1. When you scan region 128-138, how many residues do you find that are open to solvent by 20 Å² or more (accessible area, probe 1.4 Å) and either within 12 Å of the chain's Cα centre (by Cα) or within 16 Å of Leu95 (Cβ to Cβ) (or both)?
2. Please count how many residues of region 69-100 are within 11 Å of the ligand (Cβ to nearest atom), among the charged types (D, E, K, R) and under 23 Å from Lys145 (Cα atoms).
3. Somewhere in region 221-239, is a residue more than 30 Å from Arg295 (Cβ to Cβ), outside any loop (DSSP other than H, G, I, E, B), in contact with a helix residue (DSSP H, G or I) (Cβ under 7 Å, 6 or more places away or on another chain) and basic (Lys, Arg)?
4. Report yes if Gly257 is modelled with pLDDT of 90 or more and open to solvent by less than 50 Å² (accessible area, probe 1.4 Å), otherwise no.
5. Would you be able to say whether some residue in region 172-180 is within 30 Å of Val215 (Cβ to Cβ), touching a residue at least 60 places away in the same chain (Cβ under 8 Å) and over 15 Å from the mean Cα position of the chain (by Cα)?
6. If you scan region 181-209, which residues turn out to be in a helix (DSSP H, G or I), closer than 25 Å to Ala240 by Cα and open to solvent by 100 Å² or more (accessible area, probe 1.4 Å)?
7. Starting from region 186-205, take each residue that is of a type outside the set (D, E, K, R) and list its partners that are in a helix (DSSP H, G or I) and surrounded by 11 or more Cβ atoms within 10 Å (Cβ to Cβ), counting only C-beta distances under 6 angstrom and pairs at least six apart or across chains.
8. Of everything in region 38-66 that's open to solvent by less than 10 Å² (accessible area, probe 1.4 Å) and within 22 Å of His120 (Cα to Cα), which residue is farthest from the ligand (Cβ to nearest atom)?
Amino acid sequence: MMRESYASENDVGFKCINPDVGPVVIVGGNGKLGSLFSQLFRLSGYEVRILDKNDWDRADELLSDAGVVVVTVPINHTAEVIEQLPRLPKECVLLDLTSIKQAPLAAMLANHAGPVVGLHPMFGPDVSSLAKQVVVVCHGRFEEKYQWLLEQIRIWGARLHEASAAEHDQAMQLVQAMRHFTAFVYGSHLRRERADLDQLLQFSSPIYRLELAMVGRLFAQDAKLYGDIIFSQPDTLARARHYMDRYQEALSLLEAGDQEGFEALFDDIADWFGDFATQFRNESGNMLLSANDNRSE
Ligand code: NAD
């Protein structure tokens, strides 16, 4: 799917911002995200080389004249892979695409004296184009030396969002680790309740269908990737416990039959959401309209 849509760009390709840079070496380039980025660099006219796990005996040869090195290996191997890199050319841009940013950025800065930048594509490898997708940028060192690369990513269609690695990792706790964790628990609950998914789909309103899709899609993906995202961040446990406290609070209202208390809490939360609540209602309304149009059955 992805291959076809990118292949169709092939006739025109993308503008090449820095034709004189040396080869782009993608460490982990046979992986899902690595393949997507190799394709984008190739379609933009760069020479791309892959250094995957069985290629380390050729590492010196592959990296000796590298202009860019992209690290995109499983989260738990990222630091050791960065440490394993031989000395890179001084001007070479070293970057990673890992879903967490603090540890990889620190490892890159410690192992390369040249330009360093941490990126996190906020999308999976199955996107058909980068249009409107977000890439988080955590600056490392010598920003002016990799401006061209950020421009190249903009040309692929993505929007860049700058953040510090600490800010990024903290936000990811909520938008990724906790969201995946709660989806995981909900999926587990559906299984234990022996939910009849077919029947649920027949009965469900569009919004519930969307929610089921959000949960169900998790289990069409890689257990290891989500395991890594949830387990590799030290704060996840504390966050999950706080979430349990909120759940317990709501459960107590239910146990006490305290509907008034529930409604009062509801109003407090609504106040806290403020104008965002209306914005979210409007946005989800539009999503539901198009989700309904795109239903597969
Ligand atoms: P993947 O398992 O598909 O690819 C990883 C690749 O790394 C594989 O080709 C593997 O052979 C290679 N590899 C493993 N150990 C290696 C080593 N020691 N040396 C060289 N290569 C090695 O994983 P992926 O989903 O492409 O994820 C890669 C990175 O991208 C992760 O850091 C992940 O956090 C990040 N990321 C993934 C997604 C996603 O949705 N898949 C989204 C954003 C960021």
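1. Residues that pass the stated criteria total 2.
2. Qualifying residue count, region 69-100: 2.
3. There is at least one residue in region 221-239 that is more than 30 Å from Arg295 (Cβ to Cβ), outside any loop (DSSP other than H, G, I, E, B), in contact with a helix residue (DSSP H, G or I) (Cβ under 7 Å, 6 or more places away or on another chain) and basic (Lys, Arg).
4. no
5. Within region 172-180, not a single residue is within 30 Å of Val215 (Cβ to Cβ), touching a residue at least 60 places away in the same chain (Cβ under 8 Å) and over 15 Å from the mean Cα position of the chain (by Cα).
6. Hits for region 181-209 are Phe184, Arg191, Arg192.
7. Qualifying pairs under 6 Å: Tyr186/Val215; Gly187/Val215.
8. Per the stated criteria, the residue is Ser44.
The values are calculated or read from the model by the stated rules, or taken from the named source; none is laboratory data. Note that the structure is a prediction, hence the values are computed from the model and not measured. Heads up, the Cβs are rebuilt from the backbone with ideal geometry, glycines too, and the neighbour counts pull from every protein chain shown. Side chains included, ligands, DNA and RNA excluded: accessible areas come from the protein's heavy atoms. Shrake-Rupley method; radii C 1.70, N 1.55, O 1.52, S 1.80 Å.
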